[in-house]
1. Within the range 210-222, track down each residue that is open to solvent by 20 Å² or more (accessible area, probe 1.4 Å) and touching a residue at least 60 places away in the same chain (Cβ under 8 Å).
2. Kindly evaluate ARG76 against the criterion of being open to solvent by less than 30 Å² (accessible area, probe 1.4 Å) and either assigned to a loop (DSSP other than H, G, I, E, B) or at pLDDT below 95 (or both).
3. For residues that are touching a residue at least 60 places away in the same chain (Cβ under 8 Å) and basic (Lys, Arg), scanning just the range 9-50, find the one that is most open to solvent (accessible area, probe 1.4 Å).
4. Do you know which of the residues in the range 319-352 that are open to solvent by 60 Å² or more (accessible area, probe 1.4 Å) and outside any helix (DSSP H, G or I) is farthest from GLY208 (Cα to Cα)?
5. Right, ASP107: part of a helix (DSSP H, G or I), more than 20 Å from the chain's Cα centre (by Cα) and surrounded by fewer than 24 Cβ atoms within 10 Å (Cβ to Cβ) or not?
6. Taking the criterion of being closer than 12 Å to LEU161 by Cβ and open to solvent by less than 10 Å² (accessible area, probe 1.4 Å), would at least one residue in the range 191-200 satisfy it?
7. Every residue in the range 200-215 that is over 20 Å from the mean Cα position of the chain (by Cα) and either on the phi < 0 side of the Ramachandran plot or acidic (Asp, Glu) (or both), please.
Amino acid sequence: MAPSTAVVKDPIFMEHNPGPYHPESPERLRVLYQMLEDPEILGGFLELKPREAKREDLERVHDPRYIDRVAETAGRPRTSLDPDTQTSPRSYEAALMAAGGCLEAIDRIMAGEIKNAFAMIRPPGHHAEASRAMGFCLFNNVAVAARYAQASHGLERVMILDWDLHHGNGTQWIFYEDPTVFYGSTHQFPYYPGSGSFQEIGKGKGAGYTVNVPLSVGHGDAEYIGIYRRIFCAIARSFKPQLLIISAGFDIYKGDPLGGMGVSPEGFGLMARVLLEMADEVCGGRVLVALEGGYDLKGLREGGKAVLLEMMGKRSSSLDPREVESGGRARVDALVKRVKEIHGDKWGEVLI
């Protein structure tokens, strides 16, 4: 039987080099691509070659002048777009392929050729705003993907969940007034980029369709599993997305140099299991996972492997998510209560 999971991969993504000692290095993908050769993984997925995102795909999300600004970096040795965000000669090409790889995956998912896909891409995207680069990100891959799914496949509701250590400010602001794209995030707070408070809930018709769960340092497997099951899975059953997109940052790993969270490789797999089971229930299992952060190479490799195993229908751990979740019940209870206080009118009755 043909694999139901795809992986988007290509050497072009390692041609983006923001400079020596930069944490968002090509080595991040090398360890993931090497992991794909592990016996438990090899042969269990379809390899997808990315395509370049078209100008019209990018313009659904980004200002044309900003796209031109990034395009101007092509072939240049080094351009700084932001204090944290530098480009190399092929960064623009890699960014087009990163966004386009997500679009290729969505086409295959919507055609029923695969059930889900893991886009192992870089540069990452969730900090990129409509008109500026931020936080290592050039184009907002998941936002481009969500708009493409709506424009090309007629989807009315898309859910984006973001478990990266850092708040996905770009994704949030792009959809802040839009009730057709739900954005939910867990993130270390207060921390870069400074956005993502409980009170940021969307605006106008989009009010209630942004749900932030800001976290102090030290949260681990129990809390993350509880938050995603009791808050975001519960909301998904009411919102009924037709596609789930996950901004998968592995910088919440317990050893990540940029973070202060405590998620284990097993925790990543169990989080993925909870979300995949929810997606089976509400949207036919249609899930796109897009790589964001993650700067401890061991944590990235092992966390990515656990997520991919779950996507392939294999158990990454014998642990039961609910049993693990019980260890953080008091902290999650407090977070659920806070979200109910903020979002009571919209989601209060569905949170568990």
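1. Of everything in the range 210-222, just one residue is open to solvent by 20 Å² or more (accessible area, probe 1.4 Å) and touching a residue at least 60 places away in the same chain (Cβ under 8 Å), namely ASP221.
2. So ARG76 does not fit the description; no.
3. Among those that are touching a residue at least 60 places away in the same chain (Cβ under 8 Å) and basic (Lys, Arg), it is LYS9.
4. In this case the residue turns out to be LEU319.
5. For ASP107, the condition - part of a helix (DSSP H, G or I), more than 20 Å from the chain's Cα centre (by Cα) and surrounded by fewer than 24 Cβ atoms within 10 Å (Cβ to Cβ) - is not met.
6. Scanning the range 191-200, I find no residue that is closer than 12 Å to LEU161 by Cβ and open to solvent by less than 10 Å² (accessible area, probe 1.4 Å), so the answer is no.
7. Result: LYS203, LYS205, GLY206, ALA207.
Conditions tested, residue by residue: (1) crowded, with 24+ Cβ neighbours inside 10 Å; (2) closer than 19 Å to LYS54 by Cβ; (3) modelled with pLDDT under 95.
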{"residue": "LYS115", "(1), (2), (3)": "no, no, no"}
{"residue": "ALA119", "(1), (2), (3)": "yes, yes, no"}
{"residue": "GLY125", "(1), (2), (3)": "yes, yes, no"}
{"residue": "ALA130", "(1), (2), (3)": "no, yes, no"}
{"residue": "ARG157", "(1), (2), (3)": "no, no, no"}
{"residue": "ASP164", "(1), (2), (3)": "yes, no, no"}
{"residue": "HIS167", "(1), (2), (3)": "yes, no, no"}
{"residue": "VAL181", "(1), (2), (3)": "yes, no, no"}
{"residue": "HIS187", "(1), (2), (3)": "yes, no, no"}
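The values are calculated or read from the model by the stated rules, or taken from the named source; none is laboratory data. A quick note: this is a predicted structure, and the numbers were derived from the prediction, not measured. Methodologically, a virtual Cβ is constructed for each residue, glycine included, from the backbone with ideal geometry; neighbour enumeration extends over all protein chains shown. Only protein heavy atoms, including side chains, enter the accessible area calculation; ligands, DNA and RNA are left aside. Shrake-Rupley method; radii C 1.70, N 1.55, O 1.52, S 1.80 Å.
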